[in-house]
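Notes follow once the structure below has been shown.
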Amino acid sequence: MNQNKIIGIGLALLNTILLLFCIVRYMQADRTAPKFLLEATDIIYSPDMDMTELVQGITANDNRDGDVTDRIVIEKITEKKKEQTAVVYYAVSDRSGNVTKISKLFHAEYPEPEAVQEAVGIQGTEIEQTEAGLQEDAAKEPDAEEGSVEETVDEVADRQDAAGDDEEEQTDEEAEEAVLPAGNDTQPDEAQQPAEAENTERVNIGVPELVLGRSEITIDAGTNPPWTEIIETMRDDKDNYETLYYNLKVSQFNRNRPGTYPVTVYVEDSDGNRSQEVPFTIIVR
């Protein structure tokens, strides 16, 4: 009986030790996925381009593994030929198996199909032939009606006198307009001012807004600025925050070389509208 109690106590202690070991391992496990960092690029997508070009300006960092840019892969590409755009889907994983995925919108250039080009060429040839035929027909028309349009000397003189009377009437009207009060000259300008203000407001509609919460940031060499912490406001009338973040543009700087880099930051929406350029300073140490 005592022996059975000893065995039971031993098994309970073993189970407790195993449970504590599992809890410690779980607490120490890496469950944080890597983060993507995007830099401004002027890449234009085309179907025959090298896929490595689409990864330029995109880096990834992990809280434990550090720089995992070499682990970025392109999952798929969705081409939107009517909109002249393409959406590229990226994925990156750390050594613990945590995965992060993003997508980025590119402006694209698609070649025209050969059939369309040939049809355009044929249509242009037919138009040229039709114009040539019309010119030949016009050249062959008889001049039988020339005599019907001839005018007598008296008819020409009467028409010239009537034209002279019209010119005199127009000259009198211009003279009357010239003596109007000077105050009337300002009325068209004042009427145009509200219209110009309305046009200015229309131009600003649809332009994304970008406001930074600070004017400079200090980062370690080999890393990128934490833009999610720097951006105070970024919004658009159509695109959401995630889409605007993927289209955030930053002028070039060397993140691997210590120094002070004055850059400009702006954002584009999916329609190609650009926000104002915000000056910013990046200090790499």
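Looking across Asp269, Asp239, one residue alone is crowded, with 17+ Cβ neighbours inside 10 Å and over 18 Å from Ile43 (Cα atoms). It is Asp239. Would you confirm, using the coordinates I've provided, whether Tyr266 is within 18 Å of the chain's Cα centre (by Cα), of a type in the set (Phe, Trp, Tyr) and either part of a strand (DSSP E or B) or closer than 21 Å to Gln56 by Cβ (or both)? Yes, satisfied. Selection of first residues in region 90-110 that are touching a residue at least 24 places away in the same chain (Cβ under 8 Å) and surrounded by 14 or more Cβ atoms within 10 Å (Cβ to Cβ) and of second residues that are charged (D, E, K, R) and part of a strand (DSSP E or B), restricted to Cβ pairs under 6 Å at least 6 apart or on distinct chains, gives the following pairs, ordered by first then second residue: Asp94/Asp62. A single entry from Glu75, Glu53, Glu79 fulfils the requirement of being assigned to a helix (DSSP H, G or I) and under 34 Å from the mean Cα position of the chain (by Cα): Glu53. Screening Val55 with (1) on the phi < 0 side of the Ramachandran plot; (2) out of contact with any helix residue (DSSP H, G or I) (no Cβ under 9 Å at 6 or more places or on another chain) gives one miss only, at (2). All conditions in (1) more than 30 Å from Ala108 (Cβ to Cβ); (2) not in a helix (DSSP H, G or I) hold for Leu18, with the sole exception of (2).
Read-outs throughout are calculated quantities, based only on the coordinates presented, and are distinct from any laboratory measurement. The shown structure was predicted, so the numbers you read here are calculated from the model rather than taken from an experiment. Neighbour counts run over all protein chains shown; Cβ positions are idealised from the backbone, glycine included.
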